[in-house]
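Since the structure comes first, as structure tokens, the remarks are kept for the end.
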Amino acid sequence: MKLRFVVSSMVLAITSIAAHAQVGLYINPVGINVSNSTADTGTFAFLGDNVTSRTFFGVNIGGYDDFYHGQKVDAGVDIRDSFSKANNASLNSFLIGGRVVAKLQSAFKPYGQLAVGVGSTKAPTSSVHTSRVQYGIFGGVDYTLASHVDFRAVELGYGGLSTINSTLFNETVTYSSSRLFSVSTGLVFTIP
């Protein structure tokens, strides 16, 4: 709930920046495959009992501001909040990062970004939430459809997060490092 307020405030701040900046806002569906090297069982098994991989589905909400304009690249900052669920477990991520966009002589705009923030996880059979540092590397291609609308043809991401889990013997809360692979697509609304 607090993350939603922060994201809303950040998006409002981004949209009020000077007109020479390239600002984009997006709400896109996302699929995130979460995988661990070993299976977990018990009350705090984030992926479920004896499961090492599960795909979560949800939405990315965010915005970017490309405030630097060079001859071959634009650069700026991206702020996103991601909400996803699977098997009654939840994964929420709030990430802020730097982004670079290649300038091509076409409607395609390839970009890459490196982000860091906070990931919150909740196991399917427990009400306990944990929040830990999360990182992500993202790359994608936007295609200009109209003067203020881009189609995010694809965005791929890879990252890491320590998720909640339980030990096999005493049910104490521990943390394991999970790998996150994400795929997203959708529309981006731009403000020149």
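The values are calculated or read from the model by the stated rules, or taken from the named source; none is laboratory data. None of these values were measured; they are calculated from a predicted model. Ideal geometry is used to build each Cβ from the backbone, glycine not excepted, and the neighbour counts take in all protein chains shown.
Structure summary
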| read-out | value |
| --- | --- |
| Check on G112, under 19 Å from the mean Cα position of the chain (by Cα) and over 19 Å from F57 (Cα atoms) | yes |
| Of the criteria (1) closer than 17 Å to N36 by Cβ; (2) outside any strand (DSSP E or B), which one S127 fails | (1) |
| Failed item in (1) part of a strand (DSSP E or B); (2) modelled with pLDDT under 95; (3) among the aromatic types (F, W, Y), with F151 passing the rest | (2) |
| Members of segment 32-79 found to be buried (at least 20 other Cβ atoms within 10 Å of the Cβ), over 19 Å from Y135 (Cα atoms) and of a type in the set (F, W, Y), listed by number | F44 |
| Selection status of S82, surrounded by 14 or more Cβ atoms within 10 Å (Cβ to Cβ), out of contact with any Pro (no Cβ under 6 Å at 6 or more places or on another chain), within 18 Å of L156 (Cα to Cα) and not acidic (D, E) | yes |
| Hits in segment 89-127 - residues which are modelled with pLDDT under 95 and not small (G, A, S) | K103, L104, Q105, T121, K122, P124, T125 |
| Those residues of segment 24-58 which are over 21 Å from S84 (Cα atoms) and modelled with pLDDT of 95 or more, in sequence order | G24 |
| Of residues in segment 115-125 being touching a residue at least 24 places away in the same chain (Cβ under 8 Å) and surrounded by fewer than 18 Cβ atoms within 10 Å (Cβ to Cβ), the one farthest from the chain's Cα centre (by Cα) | T125 |
